[in-house]
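Step one of this worksheet: look at the structure below.
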Amino acid sequence: MATCLIGIDIGSYESKGVLSDTSGKVLAKAALKHELQFLRPGFVEQDVEAVWWGEFVELVRLLMEQAKVRAQDVASVGLSGIYSMVPVDANADPLRSGGIMYGVDTRSVVEIEDLEKKLGAEQIFQRTGNGLSAQSMGPKILWLQRNEPEVFKKAHSFLPCANFIAARLTGNFFIDHLTAGFFGPLYEPARLAWAEDLCEGIVDPLRLPVPRWATELAGRVTASAARRTGLAEGTAVTIGTCDVASEAMSIGVRSPGDMMLMYGSTAWITLLSDAPIMHEKLFATPFIFPGTYCLHGGMATSGSLTRWFRDNMGADHVAAEKAGGDEAYSVLTGLASKVPPGSDGIVVLPYFSGERSPLNDADARGMIFGLDIGHGRGHLYRAALEGVGYSINHSLQVMRGAGAQPRMMTSVGGGTKNPVWLQSVSDITGLPQRVPALTMGASYGNCFIAGYAAGLIPDAADISKWVEMDHTVEPDANNAGVYSRRMSTYLDLYTRTADLMHATSREQRTLP
């Protein structure tokens with residue numbers, strides 16, 4: 001009997017895979033690096049064939065070779081990916097080379113404005129649980145209709161990354177309810193279905209994938225897909241979901257009251273509840289199990305900001321690392337650790353790709369405020385880390401205002417390797433953070449979902465047997481005062497400069 005599980009996650013800058021058994025024991029893991037395509041200001045894509053499909057196939061091969069398992073030993077495959085969309089034909093072949101990305105892609109500003117005028121912002125929020133923002137996929141589909149009409153006309157469906165891979169493997173076109181919740185204004189969570197009247201003028205709902213729970217199967221690997229991937233024909237395949245859901249499962253966040261903070265290329269908060277909680281500045285969706293809901297806060301930058309800093313202000317450390325020296329991030333973190341909390345007055349607005357929640361402002365722009373001649377590189381790097389912390393805290397403040405009660409975060413992602421970052425976020429938010437012993441991320445969560453969806457793991461509570469916590473970061477009350485002052489400055493800076501940011505953004509959009 002096949003007892004191995006494969007989990008694959010396609011991320012912003014890296015695709016990861018894990019092969020485990022049904023008890024959670026990791027038998028193999030692999031990762032492949034890639035890039036986002038920043039085509040011009042506001043236009044961010046990812047190569048569908050090379051990254052989404054090509055890296056999936058390569059990871060399957062690497063995992064099976066490393067674990068020395070046969071194709072027939074793999075019982076089920078779990079999928080997640082970066083929130084995105086690509087138009088495809090009836091064979092699940094992409095009709096454009098690039099998948100359009102989540103909130104970092106801000107091409108649909110005009111479409112958002114037009115849809116709000118047509119449908120009314122209040123109706124959109126009340127029926128979908130979300131306002132329109134750069135995160136919303138409906139305006140991006142409308143952008144395709146207006147700007148790539150031939151592609152739009154040919155499209156059989158419009159698929160996010162993970163659901164695209166599932167369609168390629170099974171021939172079936174599904175989307176999970178959590179991801180559909182981000183397809184505003186097209187999806188109505190109260191009905192768990194596409195809203196025909198809200199879709200009107202954007203896309204026929206029959207051309208959208210069918211919503212299902214992420215813990216269900218999309219189908220089984222076809223003969224054609226088996227030849228292309230090396231998987232056995234008939235292998236179970238999950239519906240697929242966003243990376244945030246699988247990441248939450250990977251660290252045991254599955255029940256109402258649980259909360260995840262994900263330090264990825266963007267920072268993301270997911271708080272689970274047993275009833276919908278809505279706020280116009282946050283994102284609300286179903287979770288991956290029937291009867292569970294999420295309140296999300298998504299920042300536009302996090303790891304992508306630290307990467308920008310490393311590449312542009314730490315190029316010498318990057319070169320030294322390539323020559324065999326210390327890791328550039330570690331060197332920069334060491335410099336930041338010598339700087340006191342609050343960065344001696346520097347405040348960074350991390351809106352280098354606009355901002356998602358709670359601003360929902362694609363035209364927000366980044367800022368480094370408070371510089372003087374005595375500041376150095378360590379100050380700047382620490383201030384960048386703290387800027388992400390202020391953004392996280394901004395969303396948590398709004399969550400509390402919506403009636404949610406965040407008490408502790410379980411944190412995951414690359415940022416958990418950075419002690420300065422972890423401590424500053426706990427100090428800024430006033431919340432402890434639990435850090436798991438293993439942070440293999442969404443791909444590990446996908447293994448569990450794969451086993452659960454295929455009936456090999458009978459109870460979702462069994463995830464607790466897969467997860468072990470390493471330590472907890474407690475907030476330092478001695479730093480509360482300075483961070484309270486910096487947080488106030490952080491909020492005031494946006495309020496006072498938003499009009500200048502918007503003018504600059506409009507000018508940037510007209511650049512060739």
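General remarks:
- Whichever residue in region 405-422 is of a type in the set (S, T, N, Q) and either more than 23 Å from ALA31 (Cβ to Cβ) or in a helix (DSSP H, G or I) (or both) and, among such residues, is modelled with the lowest pLDDT: GLN405
- Some residue of region 482-498 being closer than 22 Å to THR410 by Cβ, touching a Pro at 6+ places or on another chain (Cβ under 9 Å), surrounded by fewer than 13 Cβ atoms within 10 Å (Cβ to Cβ) and not polar (S, T, N, Q): no
- The residues listed here are VAL69, VAL104; of these, the one that is buried (at least 18 other Cβ atoms within 10 Å of the Cβ), in a loop (DSSP other than H, G, I, E, B) and at pLDDT 95 or above is VAL69.
- Filter result (outside any helix (DSSP H, G or I) and hydrophobic (A, V, I, L, M, F, W, C)) within region 235-258: ALA236, VAL237, ILE239, CYS242, ILE251, VAL253
- ASP492 being of a type outside the set (Phe, Trp, Tyr), modelled with pLDDT under 95 and outside any loop (DSSP other than H, G, I, E, B): no
- One residue stands out among those in region 295-329 that are part of a strand (DSSP E or B) and not hydrophobic (A, V, I, L, M, F, W, C): the one that is modelled with the lowest pLDDT, which is GLY298.
- Candidate set from region 196-226 (those that are in a strand (DSSP E or B) and among the small types (Gly, Ala, Ser)); member that is farthest from the chain's Cα centre (by Cα): GLY219
- Where a residue in region 453-473 is in contact (Cβ under 8 Å) with a residue 60 or more places away in the chain and closer than 12 Å to MET249 by Cβ and its partner, wherever it lies, is part of a strand (DSSP E or B) and among the aliphatic types (A, V, I, L, M), with Cβ under 6 Å and at least six apart: ALA453/LEU217
- Scanning region 1-35 for residues that are of a type in the set (A, V, I, L, M), buried (at least 19 other Cβ atoms within 10 Å of the Cβ) and in contact with a Phe, Trp or Tyr (Cβ under 9 Å, 6 or more places away or on another chain) yields a total of 4.
- ASP427 in contact with a Pro (Cβ under 9 Å, 6 or more places away or on another chain), of a type outside the set (Val, Ile, Thr) and assigned to a strand (DSSP E or B): no
- Note on region 166-187: residues that are on the phi < 0 side of the Ramachandran plot and more than 17 Å from the chain's Cα centre (by Cα) amount to 11.
- Inter-residue pairs, beta-carbon under 9 Å, first over 14 Å from GLY81 (Cα atoms) and in region 94-109, second in a loop (DSSP other than H, G, I, E, B) and β-branched (Val, Ile, Thr), 6+ apart: GLY103/THR266; VAL104/THR266; VAL104/THR301
- Residue match in region 250-259 (condition: under 23 Å from LEU5 (Cβ atoms), among the hydrophobic types (A, V, I, L, M, F, W, C) and crowded, with 23+ Cβ neighbours inside 10 Å): yes
Here is a yes/no grid of residues against (1) of a type in the set (S, T, N, Q); (2) part of a loop (DSSP other than H, G, I, E, B); (3) at pLDDT 95 or above:
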{"position": "ARG146", "(1), (2), (3)": "no, no, yes"}
{"position": "ALA166", "(1), (2), (3)": "no, no, yes"}
{"position": "LEU169", "(1), (2), (3)": "no, no, yes"}
{"position": "PHE183", "(1), (2), (3)": "no, yes, yes"}
{"position": "ALA190", "(1), (2), (3)": "no, yes, no"}
{"position": "ARG228", "(1), (2), (3)": "no, no, yes"}
{"position": "GLU233", "(1), (2), (3)": "no, yes, yes"}
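- Every residue from region 22-39 that is aliphatic (A, V, I, L, M) and not in a loop (DSSP other than H, G, I, E, B): VAL26, LEU27, ALA28, ALA30, ALA31, LEU32, LEU39
- Flag for MET408 being in contact with a Pro (Cβ under 9 Å, 6 or more places away or on another chain), aliphatic (A, V, I, L, M) and within 29 Å of TRP213 (Cβ to Cβ): yes
- Scanning region 122-129 turns up no residue that is in contact (Cβ under 8 Å) with a residue 24 or more places away in the chain and touching a helix residue (DSSP H, G or I) at 6+ places or on another chain (Cβ under 6 Å).
- A single member of ALA275, ALA214 is within 30 Å of THR429 (Cα to Cα) and in contact (Cβ under 8 Å) with a residue 12 or more places away in the chain, and it is ALA275.
- The residue that is farthest from VAL44 (Cα to Cα), among those in region 122-144 that are within 18 Å of the chain's Cα centre (by Cα) and not in a loop (DSSP other than H, G, I, E, B), is GLY138.
- Scan of region 454-487 for residues that are of a type outside the set (Phe, Trp, Tyr), in a helix (DSSP H, G or I) and at pLDDT 95 or above, ordered by number: ALA477, ASN478, ASN479, ALA480, GLY481, VAL482, SER484, ARG485, ARG486, MET487
The values are calculated or read from the model by the stated rules, or taken from the named source; none is laboratory data. In this text the structure is predicted, and so the values were computed from the model without any measurement. Glycine gets a Cβ as well: all are built from the backbone with ideal geometry, and neighbour counts include every protein chain shown.
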